[in-house]
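**Q** So that we are looking at the same thing, I have put the structure below in structure tokens.
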2 protein chains.
Amino acid sequence: MNMNERKKKILAAIIQDYIQTAEPVGSRTISRKYNLGVSPATIRNEMADLEDLGLIEQPHTSAGRIPSDLGYRYYVDYLMEPEQLTPSQEELILRSYENKSQEIGKILVKTGQLMSQLTNYTSIVMAPRRGKPSKIKHIQLISMAPTQAMLIVVLDNGSVHHQVIDVGESISQADLEQVSKVLNAKLAGLDMQKIRLTILNEIYFELARYKIFMDAALGLLEDSQGSGNEDKIYLGGVYNMLNQPEFHNIEKVKTLLSLLEQEDVLQQILINFQGEGLTVKIGVENNCEEIKDCTMITATYKLDDEVLGSIGVLGPTRMEYAKVIAIVDHMAKVLNQVMNRLTRIPR
Amino acid sequence: MNMNERKKKILAAIIQDYIQTAEPVGSRTISRKYNLGVSPATIRNEMADLEDLGLIEQPHTSAGRIPSDLGYRYYVDYLMEPEQLTPSQEELILRSYENKSQEIGKILVKTGQLMSQLTNYTSIVMAPRRGKPSKIKHIQLISMAPTQAMLIVVLDNGSVHHQVIDVGESISQADLEQVSKVLNAKLAGLDMQKIRLTILNEIYFELARYKIFMDAALGLLEDSQGSGNEDKIYLGGVYNMLNQPEFHNIEKVKTLLSLLEQEDVLQQILINFQGEGLTVKIGVENNCEEIKDCTMITATYKLDDEVLGSIGVLGPTRMEYAKVIAIVDHMAKVLNQVMNRLTRIPR
DNA sequence: TGTTAGCACTCTAAGGCATTGAGTGCTAAA
DNA sequence: TTTAGCACTCAATGCCTTAGAGTGCTAACA
């Protein structure tokens, strides 16, 4: 790509101006506002070249230029000056996590809120996903009422599932302890597949008395595999988008919102970008018709070296790239710390 | 209110037509489409009366009439013919709850989805709220890894809270059993306030060794009081609203969405309507500027006789009242059954 | 007395048309 | 290579006209 210094400056000027004003940028504007020391005519010539290169476009003949997806890409890769968070932003973030409950869900919600608040775009936060099927670590029965027992199943990934069971007959805590022991002996260390496929019949036979507990435990396991907190997507600041001039068109809002309501699709998009650390997907790079006018900036968060999930910000391609990149990057780092501070979940 | 039969028929016709078309209804339309056996001129005279009564309004001189909030109110209270769900709708609902996990969150999400799908409006589902502070039913420690223990706290309301604790030193399952016993003996049956205010110092002194577990348990309790699943609001079909012509105006969408993002405000609105069974709040009756053009239809769901929360549908005042009322009412009943089918949580 | 036909009147929506102004590309001169 | 000048393009704006829907009023009618 044949880009001299002046072209770069002009492209940067166009993009910066357009990001600010959301209006097509003309040659006069650039020559007036950005001191390039050349006349509008010269800039016009350069702009014609930039258009040939596919970096900028003209909405119609008598309008100024707007950056193309490719133009933004070039800007992000080569022209943009990295930004830092302001001290007040950093402080806001720090304060937000103080006194925060240990609950993962709340932390993720807060993270999303912060991102949308700081960027004025929409934030997307993906709940942690776990890889392999989990094994039963421990089963415990607790008497809740004469005929009712609370079944608790602890998995080795650190998740806990529970359900109250009505046993029909009165049953003592001591009895329940006994049942717990038996169930533990038989089931601990197994994942659901194993239980289902190989040992089920045997145990059922042996533990016929405890069928009701077995069934409940298996039901819980099944639920937990399917997804509990997992696969959840937290959105924040959706309505920030409506303040963007590009979404003054109802149709666009509709397609965007309909996408955002489909958690599974979002999940898939995020997962596709995952594993590359911080990613910036501009317009069509998202490979998704519904957000072909949007840029998504995502980063992953981890525990130790395992990637747990992604967080990201979705906004129009006309986005304050430097600022948002700084924020998403920072938030991912903070989230890493917070996840580590939550007492470790052993695997 | 001086309403003869013909006025009632005309009002009903205006409202039904307007609900269908979203266009102001003129006298000619009514005389043509609804067989009242009178000429447009007569209808005009009656319409003038209805306008004096405040039941209908004119957007401008040369337009037809549209119902006012008061008009809808009269319609709902006196004119509307109750509807039933269609068999296919009922079946859809039934099928949706089959094979549904026992998890309350998922059931509520599904309920919201169903309501928005069936009505084409936005659904709002409030998670169950509990009344009195909960007491500790059982505390259990489980060894997860050499230096890590899972703390599980079961409350008497049937909720379970858990956290992994890093103990620093290696600790055996037997030790943990021992600690569990002690903690249970001291803490079971108490709610957090009691623990905090009266016994804390004593126990701390006595159980200095177990401080780390105590702290974690208290932390969990605190979290759970604050709200876990509670106070959560599930929204569904928000973007359905964008298909309504009244929301082709971006400003209205903005105010609506900004309201829907404030869970606490929604919560408050729902709680205010609660306890009256099925409620229909039309336009300004909502006492809320942001949704003064919307109607909210809510119903409560219960366990035994205790009201747990509300579900509802939010749409434009130009709403298919009979249909939506039937659906919300039905869904509340179904939800009651489902909640009861989930094994009872003793109090 | 209630109903209706007729008619003048009002007001929005839509279309046509000229004007404005921002911005371009091209050409020729510096 | 840069720039001034200029003709050209095209969306946006404002103004005007027209069409059409609907009303309220009046007077005639049953």
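The values are calculated or read from the model by the stated rules, or taken from the named source; none is laboratory data. Being a predicted model, the structure only gives us computed values, none of them experimental. Here the Cβ is made from the backbone with ideal geometry for all residues, glycine too, and neighbour counts use every protein chain on show. The area values use the complete protein model at the heavy-atom level, side chains included, leaving out ligands, DNA and RNA. Shrake-Rupley method; radii C 1.70, N 1.55, O 1.52, S 1.80 Å.
**Q** Sort through A:90, A:83 and tell me the only one that's part of a helix (DSSP H, G or I), of a type in the set (Asp, Glu) and surrounded by fewer than 16 Cβ atoms within 10 Å (Cβ to Cβ).
**A** The conditions single out A:90.
**Q** Residues being within 15 Å of DNA strand C (Cβ to nearest atom) and in contact with an Asp or Glu (Cβ under 9 Å, 6 or more places away or on another chain): count how many of those fall in region B:30-46.
**A** 3
**Q** Quick one: residue B:62 ticks every box in (1) open to solvent by 60 Å² or more (accessible area, probe 1.4 Å); (2) part of a helix (DSSP H, G or I); (3) of a type in the set (Gly, Ala, Ser) except a single one, so which number is it?
**A** Evaluating residue B:62 over (1) open to solvent by 60 Å² or more (accessible area, probe 1.4 Å); (2) part of a helix (DSSP H, G or I); (3) of a type in the set (Gly, Ala, Ser) leaves (2) as the failure.
**Q** Something else about it: Mind counting the residues in region A:261-297 that are aliphatic (A, V, I, L, M) and closer than 27 Å to residue A:23 by Cα?
**A** Final tally of qualifying residues: 6.
**Q** I've got another one for you. Can you tell me which of B:123, B:134, B:116 is closer than 20 Å to residue B:185 by Cα and of a type in the set (Ser, Thr, Tyr)?
**A** Result: B:134 is the single residue among B:123, B:134, B:116 that is closer than 20 Å to residue B:185 by Cα and of a type in the set (Ser, Thr, Tyr).
**Q** Out of region B:304-318, which residues are within 15 Å of residue B:243 (Cβ to Cβ) and open to solvent by less than 10 Å² (accessible area, probe 1.4 Å)?
**A** Residues satisfying the conditions are B:313, B:314, B:315, B:316.
**Q** Within region A:10-17, does at least one residue satisfy the condition of being within 11 Å of DNA strand C (Cβ to nearest atom) and under 29 Å from residue A:330 (Cα atoms)?
**A** Yes, because at least one residue in region A:10-17 is within 11 Å of DNA strand C (Cβ to nearest atom) and under 29 Å from residue A:330 (Cα atoms).
**Q** Going by the conditions given, is residue B:67 away from DNA strand C (no atom under 16 Å from the Cβ) and surrounded by 13 or more Cβ atoms within 10 Å (Cβ to Cβ)?
**A** Criteria met by residue B:67.
**Q** Of the residues that sit in region A:54-88 and are acidic (Asp, Glu) and away from DNA strand D (no atom under 16 Å from the Cβ), which one is farthest from residue A:3 (Cα to Cα)?
**A** Per the criteria, the residue is A:83.
**Q** For region B:256-274, name all the residues that are open to solvent by 60 Å² or more (accessible area, probe 1.4 Å) and in contact (Cβ under 8 Å) with a residue 24 or more places away in the chain.
**A** If the condition is that a residue be open to solvent by 60 Å² or more (accessible area, probe 1.4 Å) and in contact (Cβ under 8 Å) with a residue 24 or more places away in the chain, then B:263, B:264 are the ones that fit.
**Q** Considering region B:4-41 alone, what residues qualify as being more than 7 Å from DNA strand D (Cβ to nearest atom), part of a helix (DSSP H, G or I) and open to solvent by less than 40 Å² (accessible area, probe 1.4 Å)?
**A** B:7, B:10, B:11, B:12, B:13, B:14, B:15, B:17, B:18, B:19, B:30, B:31
**Q** If you go through region A:42-53 one residue at a time, how many are within 9 Å of DNA strand D (Cβ to nearest atom) and not hydroxyl-bearing (Ser, Thr, Tyr)?
**A** Qualifying residue count for the region: 4.
**Q** While we're here: Is one or more of the residues making up region B:89-102 more than 14 Å from chain A (Cβ to nearest Cβ) and either within 13 Å of DNA strand D (Cβ to nearest atom) or more than 30 Å from residue A:164 (Cβ to Cβ) (or both)?
**A** yes
**Q** List the strands (runs of 3 or more DSSP E) that sit entirely inside region A:212-330 and contain at least 1 residues that are within 14 Å of chain B (Cβ to nearest Cβ), farther than 15 Å from residue A:76 by Cβ and of a type in the set (Val, Ile, Thr).
**A** It comes to A:233-236.
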